[in-house]
1. Out of Gly216, Gly196, I need the residue that is modelled with pLDDT under 90, under 20 Å from Gln28 (Cβ atoms) and outside the structural domain of Val57 (by TED's automatic domain parsing). Which one?
2. Looking at (1) modelled with pLDDT under 95; (2) among the β-branched types (Val, Ile, Thr); (3) assigned to a helix (DSSP H, G or I), find the lone condition where Val53 falls short.
3. Looking at Gln64, is it touching a Gly at 6+ places or on another chain (Cβ under 9 Å) and not in a loop (DSSP other than H, G, I, E, B)?
4. Which pairs do you get when a residue that is among the basic types (Lys, Arg), found in segment 169-181, comes within reach of a residue that is surrounded by 12 or more Cβ atoms within 10 Å (Cβ to Cβ) and assigned to a strand (DSSP E or B), reach meaning Cβ atoms under 8 angstrom, with the pair 6+ apart or on two chains?
5. Could you tell me whether segment 71-89 includes any residue that is in a loop (DSSP other than H, G, I, E, B) and either outside the structural domain of Ala34 (by TED's automatic domain parsing) or among the charged types (D, E, K, R) (or both)?
6. Taking the condition modelled with pLDDT of 75 or more, assigned to a helix (DSSP H, G or I) and surrounded by 12 or more Cβ atoms within 10 Å (Cβ to Cβ), does Arg134 pass?
7. Sort through Leu206, Leu197 and tell me the only one that's in a helix (DSSP H, G or I) and within 17 Å of Tyr84 (Cα to Cα).
Amino acid sequence: MSIIIYVRKSPIPSCVDKDNIQRSVDQQLAECYAYIESRKLGPDVIEIIDGDVSGNVPIREREQGRRLADILENATFNWHIVTYALDRVSRCPDYDQGILLDWISEGHEFHLVNEGGCTIDGSTATGRFLFRMRMIMHAFEREQLSERVSRGKRHWHKDHSNVAPFGYKLDENKLVLVDPETHPIVEDIMGMREDGLNLSQIASTLNDDGIPAPKGGQWRHSTVSKIVNREEKKRDEALLSTMED
């Protein structure tokens, strides 16, 4: 088997240091290469890097995602696909889950280097099972997040009517809307939390990625805690509202 390393860079706010983002990509590549070496997968590697594109964009609608699809779907042999985590490949399970399962059924093997602090080796039956389970969990988490955002708009406290929290903005009628520039960071925080990272680990990851905190400077345990608590409160209020309905 030959090897593909797939890296995706998320769209980033204009305030983020581009050099820090490049260092983050380099770090992902380094960890992928270290994984390849540890598993002795082989020397022949193709790097595919999708730049500044959301994981919510289906694979075939990304420039380099199409390249990945073309290679796998026209292959005369099987490939190892090594990526940092599943959300680097896709955050769009409604569109991409069937595609990924087709690639696996054709004999291609996915390797996740750091999926919630664990590695998933797609060359084993256990690894393939865990990969499928992570896809199911990603779909579930996406639905949960969508519910939190939509219902959270209806549960915004009156005493905060003039200030939107990080990840959101106010329109001219003071309705709370998702901020497309900063809300992806909130999604990443909640995704890391659901993957089992503690608050300090999340803060460290954001700092390593060069993403500034809401008021600038470094992320801290307390800053992450406020965002997580707020989003979890929205979830709880949404669940209560559902039960009352």
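The values are calculated or read from the model by the stated rules, or taken from the named source; none is laboratory data. On a predicted model such as this, the values are computed, not experimentally measured, just so you know. Here the Cβ is made from the backbone with ideal geometry for all residues, glycine too, and neighbour counts use every protein chain on show.
1. So the residue among Gly216, Gly196 that is modelled with pLDDT under 90, under 20 Å from Gln28 (Cβ atoms) and outside the structural domain of Val57 (by TED's automatic domain parsing) is Gly196.
2. Looking at each condition in turn, Val53 falls short on (3).
3. yes
4. Lys169/Val176; Lys169/Leu177; Lys169/Val178
5. Scanning segment 71-89, I find no residue that is in a loop (DSSP other than H, G, I, E, B) and either outside the structural domain of Ala34 (by TED's automatic domain parsing) or among the charged types (D, E, K, R) (or both), so the answer is no.
6. So Arg134 passes the test.
7. Leu206
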